[in-house]
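Everything on this sheet refers to the single structure shown next.
The values are calculated or read from the model by the stated rules, or taken from the named source; none is laboratory data. Because the structure is a prediction, the values reported are computed rather than measured. Cβ: placed from backbone, ideal geometry, glycine included. Neighbour counts: every protein chain shown. Keep in mind that these areas ignore ligands, DNA and RNA; they rest on the heavy atoms of the full protein, side chains included. Shrake-Rupley method; radii C 1.70, N 1.55, O 1.52, S 1.80 Å.
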Amino acid sequence: MNGTNKEVWTLAEVRGKTIHPVSKELLAWGRELADPMRVPLASILVGSGVAPRAEELIAAGADKVYIVDDPSFENFLCDEQVGILEYLTDKYNPSILIASATTRGRTVMPMLSARIGCGLTADCTELSIDPVSGRLIQTRPAIGGNVMADIKTRGRDPQMCTVRPKSKRPLDTDRSRKGELIKVSPPQSLLGSALKFLGFTPETSVGLPIQEAEIIISGGKGMKNAKNFAKLEELARLLGGTVGASRMAVDLGWVPYSAQVGLSGKSVTPRIYMAFGISGAVQHIAGISGAETIIAVNHDPEAPIFRVADLSIQGDAMEILDALIDSLKKEQSERWTLTAD
Amino acid sequence: MRIAVLVKQVPATDSVKIDEKTGTMVREGVEAELNPLDLHAVEAALRIRECRSEGATEITAITMGPPQAKKAAAYAVSMGCDSGVLLSDKRFGGSDTLATSRTLAKALKKLGPFDIILAGERATDGETGQVGPAVAEFLRIPALTYVSSIDELDEGHITVTRSVEGGHEKMKAPIPAMVIPVKEMNIPRLCTLGGKLRAKKTEIPVLNADDLALDEDLTGLKGSATLVVNVTYPQMTREGRKILSSAGTKDAVKAIVDLLEEKNCLEAAR
């Protein structure tokens, strides 16, 4: 119906001079759309000194990479990004544009939507092509994950959406894949920003940001105090995970807001979500419905979180946490001893 | 200095329960409230006014919704905003984020100019977080998103700290600018009795599509570029294994370790 050969695009995310892993997840999404549409899959790479990295996107599934490499793009400045994306979409007229629902994607995509007058769907967890119309079906949780809404875009293309980080695994890297690298030199007028980047201070907390974490160790009011949260960090360190928290624990000042899981915090999609001393308010549960496996520890046998958990442990959160840490450490040291032999 | 705060009325999630049988959220009879994340935007505006040593600061809360959404603007007034405006019209109904942003931007142009526009990170009902940045773009002003603190503000510029993945970044922008706070920026104040009385006496004007000179094709369902074509209700509850406290800590820990093992999540620990 919509029988064009217009491309599917993904917006690569650049940190410094490297390509952030979510860019590869986006290509896994993109392949699932480009293949049934029989159109090329292209990635948009905008940054400073990033051109040498373009092959990584080909290896991750892209057929083409449009490269805009200019010192002007050293920092992510939203006005400049919107300008370049408008230029690229006007010039090449893609059918679909997908970005990651990171702070960048969630800033620049709504701006682009307003700039070019195209629809935008936030935070999708499923994408597919309608076999009849050939249009993009964007599925996203609504009303706190209680409803899944299928959304279509009408009017002018591209059909645009952001997808949740970690909701799809990247394809296996294939260095033998061949693709086309297209260097784009934007007009000088598009370079430069009204904004000024003044510096970045990394967070000192353990692990990845919660939205990117594969394992999340969360605590709630049942952790009783800020000091006990250190135990969660210890467990997170042991398992290679990240500490999360309920709204209550954040409101009590035990953990920073960046760790808050739920409707007024972040929605997360880890492989394992462990909840210690979290009773499971609706808002919290809404934020963890995308978790693959949920383990909950709570003293109250009626805690609502037990209704959504794959493993529910009734008991004292601190006692179980201590015993679990001990058990993992013991196993670890035994293994090390074995290896040493 | 003139500040506008965009606020939205949402169903009060604190009073929402899950239906045991269907596993869906019960929304009937649920009270409405001001979107919790918008409270931080209102608080930020009030603090700007309090911090400014020279010149007057005037704060206007703007909301869009059905007639009863007037309450959201009134609540913002009771917290300390000077005035409130409701954008309400049947023709606005069914607006997606693009149509909503366009409508709000029209209102901001009509009621403005504003030096600072504040908006909540996202609403707890729609959860898109798209309206703030899109409004900024319709006005062609910078969007400072995920702001955890406002560090400096003078007649020409604003300097903020943004909370992004893995840390905080500092950014300076010319004003007018859109500032979208995250929760960590402040603790919103409660409204005082005096504030409530003042809100009662403050008339909230209502603007419709004609007042905004907004073409019918650009707002509401007609002006929307996205359409919900299907809705499904996923099962939220899971049939999980339960271990009671009577089983003892040892068994509980073993169950956790076994499950982590089964899911291949013990590599790091080894």
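Worth pointing out:
- When both region B:64-116 and region A:261-338 are represented by their alpha-carbon centers, they are found 41 Å apart.
- Rough spin-label spacing in nm, given labels placed 7 Å along Cα→Cβ, for A:R15 and A:S189: 3.6
- Centre separation in Å (Cα based) which lies between region A:89-109 and region B:126-173: 19
- Efficiency of FRET from Cβ geometry, B:L221 and A:L181, R₀ 41 Å, rounded to 0.05: 0.45
- With at most 14 other Cβ atoms within 10 Å, longest stretch of chain B clear of loop GluC sites (Glu not before Pro) (DSSP): B:55-154
- Here the spin labels are modelled as points 7 Å beyond Cα on the Cα-Cβ line, and at A:E86 and A:D326 they lie 6.4 nm apart.
- Amide H contacts under 5 Å for B:L207: B:L86, B:L87, B:S88, restricted to partners 5 or more places along the chain or on a different chain, H placed in the peptide plane at 1.01 Å from N.
- Rounded to 5, the percent of DSSP beta bridges in the protein assembly as shown classed as antiparallel: 35
- Taking a Cβ cut-off of under 12 Å around B:T202, the surrounding Lys, Arg, Asp and Glu residues balance to a net charge of +3, with basic ones at +1 and acidic ones at -1.
- Per-pair calculated FRET efficiency, R0 = 35 Å: A:F200 and B:L190 via Cβ, rounded to 0.05: 0.50
- Chain A - accessible surface per residue (Å², probe 1.4 Å): 38
- Violating pairs (Cα-Cα greater than 31 angstrom) within the set A:K17/B:K172; A:K17/A:K178; A:K330/B:K242; A:K24/B:K106; B:K8/B:K222; A:K266/A:K330: A:K24/B:K106; A:K266/A:K330
- For the protein assembly as shown, the fraction of 1.4 Å probe accessible surface lying on carbon and sulfur atoms is 51 percent.
- Sorting A:E86, A:E212 by accessible area puts them as A:E86, A:E212; the probe is 1.4 Å, largest comes first, and only protein heavy atoms count.
- Among the listed pairs B:K109/B:K170; A:K91/A:K183; A:K91/A:K152, those beyond 18 Å (Cα-Cα): B:K109/B:K170; A:K91/A:K152
- Gain on full stretching of the segment that runs from B:E152 to B:R52 - 0.36 nm per residue minus C-alpha separation: 34.9 nm
- Listed residues B:L104, B:L39, B:L197, most fluctuating in chain B (Gaussian network, C-alpha, under 10 Å): B:L197
- Burial of 50 Å² or greater, region A:190-204 residues [accessible area, probe 1.4 Å, versus chain by itself]: A:L195, A:L198, A:F200, A:E203
- Using alpha-carbon coordinates, inclination of helix B:249-262 to the longest axis of chain B, degrees: 80
- Highest GNM mean-square fluctuation among B:A247, B:A76, B:A99, for chain B modelled with Cα contacts below 10 Å: B:A247.
- Taking Cα atoms only, the orientation of helix A:317-340 departs from the longest principal axis of chain A by about 80 degrees.
- Contact order relative to length of chain B, as percent, for alpha carbon pairs under 8 angstrom and 6 or more apart: 23
- Residues losing 30 Å² or more accessible surface upon assembly, region B:164-203, compared with the chain by itself, 1.4 Å: B:E165, B:G166, B:H168, B:E169, B:K170, B:M171, B:K172, B:P174, B:K183, B:E184
- In this structure, the amide hydrogen of A:G244, modeled 1.01 Å from its nitrogen in the peptide plane, lies closer than 5 angstrom to those of A:I217, A:S218, A:G219, counting only residues at least 5 positions away or on a different chain.
- Helix A:22-37 axis versus longest C-alpha principal axis of chain A: approximately 50°, rounded to the nearest ten.
- For region A:265-282, heavy-atom accessible area (probe 1.4 Å) falls by no less than 10 Å² from the chain alone to the full protein assembly at A:G265, A:K266, A:S267, A:R271, A:I272, A:M274, A:V282.
- The 3J(HN,Hα) values that the Karplus relation (6.51, -1.76, 1.60; θ = phi - 60°) gives for region A:296-305 are, in residue order, 10, 10, 7, 6, 8, x, 9, 4, x, 5 Hz. Gly and Pro appear as x.
- Inter-label distance, nm, simple model (7 Å from Cα along the C-beta direction), B:K109/B:T237: 5.2
- Accessible area, probe 1.4 Å, largest first, for residues A:W336, A:W29: A:W336, A:W29
- The residue among A:L27, A:F276, B:L221 whose Cα reaches farthest toward the positive pole of the charge dipole of the protein assembly as shown, with charges on the beta-carbon of Lys, Arg, Asp and Glu, is B:L221.
- Average accessible surface area per residue within region B:98-163, 1.4 Å rolling probe, Å²: 30
- Sites B:A247 and A:E126, calculated FRET efficiency, Cβ-Cβ separation with R0 45 Å, nearest 0.05: 0.75
- Long-range amide H partners of B:A32 with built H, under 5 Å: B:A12
- If you run the Gaussian network model on chain A, springs between alpha carbon atoms under 10 Å, then out of A:K24, A:K330, A:K183 the most flexible one is A:K330.
- Cβ-based net charge around A:L127, under 14 Å, with every Lys or Arg adding one and every Asp or Glu removing one: -1
- Distance from the alpha carbon centroid of region B:181-235 to that of region A:13-41 works out to 35 angstrom.
- Between chain B and chain A, the total buried accessible area stands at approximately 8000 Å², from heavy atoms with a 1.4 Å probe.
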